[in-house]
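*Asks:* There's a structure below that I have some questions on.
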Amino acid sequence: MYEGIIQDLIDELGRLPGIGPKSAQRITFHIVQSERVDVNRLVEVLRLVKEKVKFCSQCFNVAEEEECKICRDPRRDPSVICVVEESKDVVAIEKTREFRGKYHVLGGAISPIDGVGPDQLKIRELLTRLADERITEVIIATDPNLEGEATATYLARTMKPLGIKVSRLASGLPVGGDLEYADEVTLGRAFEGRRAIDL
Ligand SMILES: [Zn+2]
């Protein structure tokens, strides 16, 4: 335990995902020893991210304008939508260069233990898009773990009556993991090998 402000910073950093007490302490002392100009840059970018970044009104990806960069891009195929859990999954899929359609970011996955049901995700908004836009295929790219599979099954059931082609990324992705941890080649292959969901 340290004196006042130092301990406050360790506590704040320790609240961030993936940062344990030791990392929080290491980052705190790094900041204490850093140049003031470097720390100010960090403070400024933290302030700006809360001020400027919002969620795309169409797909709920992070955006600095009303719509995200992908939704605004006229070269993207509007007839195919790839459904992912988080914005970081959009980045992972973009890196593969296998997909030229648009996205829909759910904001998580169905997880009864964590109190996350379909209503907490952007599923209603997805169904609205399917009703309004000319969409012929939906590719479900939720994480290859329990919650991701449950979400994929729920979505496939919900969309079945709409007569839209619904597919799921091929197996070969590391089971139990996050989509973002798959390397680009594996993820690219999973895209090519996507298959219809059997219900
Ligand atoms: Zn968007």
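*Asks:* With everything on Cα atoms, drop me the angle between helix 21-33 and the longest principal axis of the chain, reported from 0 to 90° to the nearest 10.
*Replies:* Long axis of 21-33 versus the principal axis of the chain: about 60 degrees.
*Asks:* Measure nothing but the geometry: give the 0 to 90° angle between the long axis through the Cα atoms of 123-132 and the longest principal axis through the Cα atoms of the chain, rounded to 10°.
*Replies:* 50 degrees
*Asks:* Which order do peptides 78-89, 156-167 fall in by mean Cβ count within 10 Å, highest first?
*Replies:* On the way: 78-89: 20.2, 156-167: 14.2.
Final packing ranking: 78-89, 156-167.
*Asks:* What FRET efficiency comes out for the pair residue 51/residue 88, r = Cβ-Cβ distance, R0 = 25 Å, nearest 0.05?
*Replies:* Result of the calculation: an efficiency of 0.75.
*Asks:* Under the rule of -39500 (n - 2.57) per DSSP H run of 4 or more residues, summed and divided by the residues of the chain, what mean residue ellipticity at 222 nm is obtained, to the nearest 500 deg cm²/dmol?
*Replies:* Details: 8 runs with 88 residues, N = 199.
Counting only the DSSP helices, I get -13500 deg cm²/dmol.
*Asks:* Continuing with this model, one more query. Quick one: how many lysine pairs does the chain have with C-alpha atoms less than 22 Å apart and a gap of 8 or more or different chains? Give me the count, please.
*Replies:* Value for the chain: 21.
*Asks:* Could you work out how far helix 36-52 tilts from the main Cα principal axis of the chain, as a 0 to 90 degree angle to the nearest 10?
*Replies:* 30 degrees
*Asks:* Another question about this same structure. Taking 7 Å along the Cα-to-C-beta vector as the label spot, tell me the residue 136-residue 29 distance in nanometres, rounded to one decimal.
*Replies:* Going from the residue 136 label point to the residue 29 one covers 6.1 nm.
*Asks:* Going by average Cβ density within 10 Å per residue, which order do the peptides 19-25, 182-188, 138-144, 32-38 take, highest to lowest?
*Replies:* Per-residue Cβ counts within 10 Å, averaged per peptide and sorted highest first, yield 138-144, 182-188, 19-25, 32-38.
*Asks:* Compute the signed sum of charges (Lys and Arg +1, Asp and Glu -1) over the other residues within less than 14 Å, Cβ to Cβ, of residue 23.
*Replies:* Residues close to residue 23 contribute a combined charge of +1.
*Asks:* Which percent, nearest 5, of DSSP beta bridges in the chain are antiparallel?
*Replies:* Bridges in the chain are about 30 percent antiparallel.
*Asks:* For segment 54-199, what is the convex hull volume of the alpha-carbon atoms per residue, in Å³?
*Replies:* 106 Å³
*Asks:* Please report how far the C-alpha centroid of segment 7-73 lies from that of segment 121-197, rounded to the nearest whole angstrom.
*Replies:* 29 Å
Values quoted throughout were computed directly from the atomic coordinates according to the rules given, and no laboratory measurement underlies them. What you are looking at is a predicted structure, and each value in this text was computed from that prediction instead of being measured. With ideal geometry, Cβ positions are generated from the backbone for all residues, glycine too; neighbour counts draw on all protein chains shown.
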